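The values are calculated or read from the model by the stated rules, or taken from the named source; none is laboratory data. Because the structure is a prediction, the values reported are computed rather than measured. Please note: Cβ atoms are built from the backbone with ideal geometry, for glycine as well, and neighbour counts cover all protein chains shown. Accessible surface is based on the protein model in full, side chains and every heavy atom, while ligands, DNA and RNA are left aside. Shrake-Rupley method; radii C 1.70, N 1.55, O 1.52, S 1.80 Å.
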Amino acid sequence: FSYLRSKKDYHPQKQTAVALCIGCQLNLEETYILLETAGYTLSNSCKEDIVVKFFIVQKKWDIIEINEYLFEEHLQLFPIN
């Protein structure tokens with residue numbers, strides 16, 4: 001998070017912004033607000049976004065659990081640093 005704040009010209013990718021929302025345990029409304037600030041949104045036509053929305057609504061913010069599900073469905077995983 002400090003990297004995001006310290007780099008004035010840094011613009012995170014959508015996946016990074018979504019991972020930040022999950023890491024901060026934001027609810028769905030807060031997630032939409034944060035993503036909108038970064039110029040992104042969660043789409044109903046993107047399978048990864050639907051999975052993320054499901055986990056957020058269920059208050060399951062474990063990125064490893066989310067990645068396991070995404071892996072099983074052959075979808076793009078979140079980077080874990």
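A few comments on the model shown:
- Chain lengthening between Gln25 and Ser43 when straightened (0.36 nm per residue, less Cα-Cα): 4.6 nm
- Label zone at Lys59, where the point sits 7 Å out along the Cα-to-Cβ direction: the stretch 15-46 residues whose backbone N lies under 17 Å: 22-31
- Per residue value of the accessible surface for the stretch 42-81 (all protein chains in place, 1.4 Å probe), Å²: 71
- For the stretch 13-81: rounded, prolate or oblate by the Cα gyration tensor [a/c cutoff 1.5]: rounded
- Rounded, prolate or oblate (a/c below 1.5 giving rounded, otherwise prolate when a/b exceeds b/c) for the stretch 1-52 by Cα gyration tensor: prolate
- Percent RCO, i.e. relative contact order, over the chain, from Cα pairs under 8 Å lying at least 6 residues apart: 29
- Helix 63-72 axis, angle to the chain major axis (alpha carbon atoms, nearest 10°): 50
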